[in-house]
Amino acid sequence: MRWSWQIAKVAGIPVRVHATFALFIVWIFVASLTGGQGLGRAAQGAGTILAIFACVVLHEFGHALTARRYGVKTRDITLLPIGGVARLERIPEKPSQEIAIALAGPAVNVVIALALAPLVLPALAVLTPASAPGFLLTYFPARLFFVNVMLVAFNLIPAFPMDGGRVLRAALASRLDYVRATQIAAGVGQGIALLFGLGGLLGGEPMLLFIALFVFIGATQEAAAVQMRSVFTGVPVSRAMIRDFRTLRAEEPLSRAVDLLLEGHQQDFPVLGPKSGDPPLGILTRSDLLKALAEGRTDRPVGEATRRNCGTAHPRDLLEDVFRGMNESGCPAVPVVGDDGAIVGMVTLENVGELAMVRAALDRGRSRGPGATPR
């Protein structure tokens, strides 16, 4: 995930912190100071937030380690201001596995709450209703207990990207096809998001509006991602790659790339080594070319501006795997290399999107049947 930094690696899984999370901690600290609470109370508030997010990390490891039991790897866990995200390499094969993985996170919070219960519940039992809120605010174990109970309740809401949305999708997928199950679950999530948004507007609660936006976007993205994966399932790279393309040599000047950019429709160029038959070194993207040109020199070699983390693809590779890698690396194009190591094509986000539109149109045409009336 962009704008995030790795802070640890536990059980082989990188733990990352997003820039917005670090800013959130700083904001909590500064808000406490400016509110006249003093340095000690401000540090205590920031410490409480860190303890809460430690529970969030354990929640995400519940997902990750359960997924590992089913052979699903976790790429990383990233901390955001709204919680944590464990990125799995793929969706589990069976709905029952997805349910187990989804429920493993809240189960961790249940265990934490049960461990804190002996420190909290006896005191709550003797408190008056008027003094209970103050107790929860001032007694650290009580705050942590309450937060874990809320994490369980919040994550079980049947809306993406919360765990409850994945449980709902998996339950529906046991009776429907996966795409339709995702669409229904996403629709439920969007409906819940609208209710949150309405509550935030009527009640003057900006946090509810923020949650509503987060849930609505998460549900929409999940539905779009599953729809895209279904379009590409089983499609080899050879069906989507561009065969009419131009290449550059690493030693050529950037001015040559400018000429090729202005001559045709191609925006990203595979960069080859100095010898004939050398495998591609990487991709010169349009954005990287413009960034290099902004420094005022067109005589720099192309190799200095080449992006080398894009990798390569083979014509028999599955397009869904290549597309996923492009999204993760941020590369808009990937060279396609044949069995002999020579470049035979190129896959770009643009032509992948065009293939998706064509296949979606063909699917709509087949669903209408030969006798259907066009709309």
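Data overview
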{"item": "Failed item, numbered, when residue 243 is tested on (1) touching a residue at least 40 places away in the same chain (Cβ under 8 Å); (2) in contact with a helix residue (DSSP H, G or I) (Cβ under 9 Å, 6 or more places away or on another chain)", "result": "(2)"}
{"item": "In region 246-261, the residues that are without any contact (Cβ under 8 Å) to a residue 24 or more places away in the chain and closer than 27 Å to residue 357 by Cα", "result": "246"}
{"item": "Residues located in region 289-311, provided they are surrounded by fewer than 18 Cβ atoms within 10 Å (Cβ to Cβ) and at pLDDT 85 or above", "result": "290, 291, 293, 294, 300, 301, 304, 308, 309, 311"}
{"item": "Filter result for residue 265 (closer than 21 Å to residue 239 by Cα, out of contact with any helix residue (DSSP H, G or I) (no Cβ under 6 Å at 6 or more places or on another chain) and in contact (Cβ under 8 Å) with a residue 24 or more places away in the chain)", "result": "no"}
{"item": "Among the candidates 164, 83, 134, residue that is closer than 18 Å to residue 221 by Cα, at pLDDT below 80 and not aromatic (Phe, Trp, Tyr)", "result": "83"}
{"item": "Output for region 299-331, where each listed residue is assigned to a helix (DSSP H, G or I), over 21 Å from the mean Cα position of the chain (by Cα) and among the acidic types (Asp, Glu)", "result": "304"}
{"item": "Among the candidates 72, 85, residue that is among the hydrophobic types (A, V, I, L, M, F, W, C), crowded, with 17+ Cβ neighbours inside 10 Å and in a strand (DSSP E or B)", "result": "85"}
{"item": "Scope region 158-184; condition assigned to a helix (DSSP H, G or I), within 19 Å of residue 105 (Cα to Cα) and of a type in the set (A, V, I, L, M); matching residues", "result": "167, 168, 170, 171"}
{"item": "Contacts under 7 angstrom Cβ, first residue in region 186-204 being under 15 Å from residue 160 (Cβ atoms), partner modelled with pLDDT of 90 or more, 6 or more apart", "result": "188/168"}
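The values are calculated or read from the model by the stated rules, or taken from the named source; none is laboratory data. All values derive from a computational prediction rather than experimental measurement. We place every Cβ from the backbone using ideal geometry, glycine too, and count neighbours over all the protein chains shown.
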